[in-house]
1. So for the range 76-92 (the condition being at pLDDT 90 or above, within 13 Å of residue 13 (Cα to Cα) and touching a Leu at 6+ places or on another chain (Cβ under 8 Å)), does at least one residue qualify?
2. Restricting attention to the range 68-91, and to residues there that are closer than 24 Å to residue 21 by Cβ and free of Cβ contacts under 8 Å to residues at least 60 places away in the same chain, which single residue is surrounded by the fewest Cβ atoms within 10 Å (Cβ to Cβ)?
3. Mind telling me which of the residues 19, 11, 55 ends up being of a type in the set (A, V, I, L, M) and touching a Cys at 6+ places or on another chain (Cβ under 9 Å)?
4. Out of the residues in the range 18-35 that are within 11 Å of residue 70 (Cβ to Cβ) and in a helix (DSSP H, G or I), which is modelled with the highest pLDDT?
5. Considering only the range 49-67, how many residues are under 19 Å from residue 38 (Cβ atoms) and open to solvent by 70 Å² or more (accessible area, probe 1.4 Å)?
6. Can you give me the number of residues within the range 26-48 that are among the hydrophobic types (A, V, I, L, M, F, W, C) and open to solvent by 80 Å² or more (accessible area, probe 1.4 Å)?
7. Here are some conditions: (1) at pLDDT below 95; (2) open to solvent by 40 Å² or more (accessible area, probe 1.4 Å); (3) part of a helix (DSSP H, G or I). Residue 14 meets all but one. Which one does it not meet?
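The values are calculated or read from the model by the stated rules, or taken from the named source; none is laboratory data. Fair warning: this is a prediction, and the values are worked out from it, not measured in the lab. With ideal geometry, Cβ positions are generated from the backbone for all residues, glycine too; neighbour counts draw on all protein chains shown. We work out accessible area using only protein heavy atoms, side chains counted, and drop any ligands, DNA or RNA first. Shrake-Rupley method; radii C 1.70, N 1.55, O 1.52, S 1.80 Å.
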Amino acid sequence: MSHNVEEQIGLIVKESLGLDAVPCASEKDAPLKQYGMDSVAMIRMAVAVEKCFRLKFKGRDLLEKNFATIAAIEKLVWIKLEDAAAVKSAAGGGFE
């Protein structure tokens, strides 16, 4: 699933910022501002990430630092996925 998360986030970044191509792996730590990231694009990206991974962000998740780079977005998604798995497991359901 790791590769799928990275691939999906790359596509979301590409679409949200109107890029011609997905930034390469070596650019995961590059500031997305250099690609035209602004507050509107960040919210658009957050909504797309929520839909793609079936997550729900809270206000504290929507900080600029969490969407500053592709690596930061990946870290946030993994944290949210792990939280969702823990809640599902505690409720007696497995994580698929």
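1. No; the residues of the range 76-92 include none that is at pLDDT 90 or above, within 13 Å of residue 13 (Cα to Cα) and touching a Leu at 6+ places or on another chain (Cβ under 8 Å).
2. Ranking the candidates gives 75 first.
3. On inspection, the qualifying residue turns out to be 11.
4. My answer is 32.
5. Going through the range 49-67 one residue at a time, the tally reaches 3.
6. Total meeting the criteria: 2.
7. (1)
Conditions tested, residue by residue: (1) in a helix (DSSP H, G or I); (2) touching a helix residue (DSSP H, G or I) at 6+ places or on another chain (Cβ under 9 Å).
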position	(1), (2)
44	yes, yes
49	yes, yes
56	no, yes
65	yes, yes
82	yes, no
86	yes, no
89	yes, no
